[in-house]
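The values are calculated or read from the model by the stated rules, or taken from the named source; none is laboratory data. As the structure is a prediction and not an experimental result, all values here were calculated from the model. Cβ coordinates were reconstructed from backbone atoms using ideal geometry, including for glycine residues, and neighbour counts include every protein chain displayed. All accessible areas refer to the heavy atoms of the entire protein, side chains included, with ligands and DNA or RNA removed. Shrake-Rupley method; radii C 1.70, N 1.55, O 1.52, S 1.80 Å.
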Amino acid sequence: MSRDSLRCIFYIILKDMRTYYLKPPSISWGIIFPLAWTLAFYLRHPQTFAQLVPGMVAMTAIFSTTAAEAVVINFELRVGSMERLLLAPISPGGIFLAKLLGGFAFGFLMTLVVAIGSSLALGIHLNVPIFLLVLIFSLLSFASLGAFICVSVKEIFEAQTLLNLPRFIMIFLSGVITPISALPHYLQYISYLMPLTYTVDGFRHAISQATYQGINIWLDILVLLVFSLAFILPGRRMLERKFE
Amino acid sequence: MLPKNEIVLEARGLTKYYGDFLAVDNLNFSVRKGEIFGFLGPNGAGKTTTIRMLTALSPPSDGTAYVLGLDIRENPLEIKARIGVAPEISNLYDELSALDNLIFMCQLYGVPRKERVKRAEELLEIFNLKDKRNTLFRKLSKGMKRALTVASALVHRPSLVFLDEPTSGLDVLSARSLRMIMRRLRDMGVTIFLTTHYLEEADMLCDRIALIRSGKLVKIDTPEGLKASVSEGKSLEIRFRNGNEESLQELKKRMSPFKVTILNGERVRVYGDDIGEICERITKLSKELGMELADIFSFNPTLEDAFIELTGLSPIVMSIEKEGKVNVTG
């Protein structure tokens, strides 16, 4: 990738953060929504709140990362601003990457706030290297999933509706609230087809450390990487085709 | 820096298909350094598709073009870094101010950090937008948005600028101001590739004009050359009070060998040297066909006449298709 493209990607991310992400709707969707869900489950079945933290942090990661992707991609395609970006020395693939990394950066910021806040408030010890590793690959897969869905449809409402489908299904099937082992057998197979499953598992490793027996942490990371590539490659091609 | 009279843009067999539809058909032309090159044609003629290919936004299906010596197929990013483009729609960022939009463009084009604000301020001054520097883009008037879009194409001081319908939809004063800026840019040595559907604007501004219809190049010449190619004599425009298409077609047939163009249901243009004979025959034929003469005046052939002659289209196609009005006054 050329120096011109890298510079464009950097400034597009900064511009998107300023104009779309760091706004009350994205922040509330990214933080307040997962917090409210977690509290609702906690009040329904009071238990140790700390056990819900990995799921809450994972929810923050997916909801904040994908909070504004429909606007960032579909709105800009619709009003022609994305075409304006393409006039600069950057390829459609570079723009896809910039849009995806904008969500990544916002998700990183929001998830760190929630993770550090939870850790300080509840006295939870966090294995920082494992947490960051899982976080980075999770955000990449969520951002690429969001960008892939957005470029596959035309309208903002279509993108938002389609984005909600995997987001909400994953909340119930990825071990965020209910452990996967407690799900019916056939649903467990579906759980392992969802990236959030590996994020929650990875965060449990980072938070519970040796006491947690889940999927191998390196397998979590590998699967998240595979998910990322599976969304990035066709998503990028679809965006390129829109400008041909 | 390219030497004067150097070719800065050369299209070689440029062709574009959308599925089975041939949008641009084997275009061959070149643009010289420092000229305003007009690219004229009605809606759907292939102007914007051509610009999209020349600015490396969309790859050609066949053929290629060399922009500032670089092949659009092989060096799209290098070309984008060196040219300026103001697209047909004003598509800057609603949530950014006029100044911030220009600074963002400076960032994309790699303008050194220290110079960004200075350059943005300079452009705001040139485009009479200094008072609006902190106004959000969405709150600017249509004319100001257009001006800012053109300004954004100049942040990195490109030597070749593509302006796609820059004055489309602007009020008279904004359009005039933008035309003055285009002339200033040319005087500064910037080459301008201009598409417009305003024939008078092209006549006033362009050093050379390419006429395009249905994706095909019809003719390239200077405005004077195009006008001269229509007729070496005079034109008469005649308006009939109760004209109709059928009678005018009959009149056209019976005016032979004089060339007649029907402008609409009540106006025709007749080209020829012998004004006296034309007037005599028109008077006689109008009586025979039951039409009453309303106005008759003569003038030298205009670019509009050249357009009609060379493309076979009415100039009304150009003005009405876009927005139903023509706003060229100087």
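Before we move on, is B:VAL326 touching a helix residue (DSSP H, G or I) at 6+ places or on another chain (Cβ under 6 Å), at pLDDT below 60 and either under 30 Å from B:LEU173 (Cβ atoms) or surrounded by 12 or more Cβ atoms within 10 Å (Cβ to Cβ) (or both)?
yes
For B:THR283, the requirement of being crowded, with 19+ Cβ neighbours inside 10 Å and either at pLDDT below 70 or not aromatic (Phe, Trp, Tyr) (or both) is not met. Can you confirm whether segment B:16-24 contains a residue that is out of contact with any Pro (no Cβ under 8 Å at 6 or more places or on another chain), touching a residue at least 40 places away in the same chain (Cβ under 8 Å) and hydroxyl-bearing (Ser, Thr, Tyr)? Yes, segment B:16-24 contains a residue that is out of contact with any Pro (no Cβ under 8 Å at 6 or more places or on another chain), touching a residue at least 40 places away in the same chain (Cβ under 8 Å) and hydroxyl-bearing (Ser, Thr, Tyr). A single entry from B:LEU185, B:LEU148, B:LEU173, B:LEU178 fulfils the requirement of being over 30 Å from B:ILE220 (Cα atoms) and in a helix (DSSP H, G or I): B:LEU148. Is there a residue being within 14 Å of chain B (Cβ to nearest Cβ), open to solvent by 60 Å² or more (accessible area, probe 1.4 Å), charged (D, E, K, R) and touching a residue at least 40 places away in the same chain (Cβ under 8 Å) anywhere in segment A:79-86? Within segment A:79-86, not a single residue is within 14 Å of chain B (Cβ to nearest Cβ), open to solvent by 60 Å² or more (accessible area, probe 1.4 Å), charged (D, E, K, R) and touching a residue at least 40 places away in the same chain (Cβ under 8 Å).
For segment A:27-95, please list each of the helices (runs of 4 or more DSSP H) lying entirely inside it that holds at least 3 residues being out of contact with any helix residue (DSSP H, G or I) (no Cβ under 7 Å at 6 or more places or on another chain) and of a type outside the set (A, V, I, L, M). Break it down into steps so the answer makes sense when it comes.
On the way: elements: A:33-44, A:53-65, A:76-79, A:81-86.
Because the criterion is at least 3 residues that are out of contact with any helix residue (DSSP H, G or I) (no Cβ under 7 Å at 6 or more places or on another chain) and of a type outside the set (A, V, I, L, M), the helices (runs of 4 or more DSSP H) in segment A:27-95 that meet it are A:81-86.
Residues that are among the small types (Gly, Ala, Ser), part of a loop (DSSP other than H, G, I, E, B) and farther than 20 Å from B:ILE296 by Cβ within segment B:214-250 comprise B:SER214, B:GLY215, listed in sequence order. Scanning segment B:98-125 for residues that are within 13 Å of chain A (Cβ to nearest Cβ), open to solvent by 10 Å² or more (accessible area, probe 1.4 Å) and either touching a residue at least 12 places away in the same chain (Cβ under 8 Å) or in contact with a strand residue (DSSP E or B) (Cβ under 8 Å, 6 or more places away or on another chain) (or both) yields a count of 4. Here A:GLY93 does not qualify as surrounded by fewer than 22 Cβ atoms within 10 Å (Cβ to Cβ) and either more than 14 Å from every other protein chain (Cβ to nearest Cβ) or without any contact (Cβ under 8 Å) to a residue 40 or more places away in the chain (or both). Just one of the numbered conditions (1) at the interface with chain A (Cβ under 10 Å from one of its Cβ atoms); (2) open to solvent by 40 Å² or more (accessible area, probe 1.4 Å); (3) under 26 Å from B:ARG176 (Cα atoms); (4) within 23 Å of the chain's Cα centre (by Cα) is not true of B:ARG82: (3).
Here B:GLU88 meets each of (1) outside any loop (DSSP other than H, G, I, E, B); (2) in contact (Cβ under 8 Å) with a residue 40 or more places away in the chain with one exception, condition (1).
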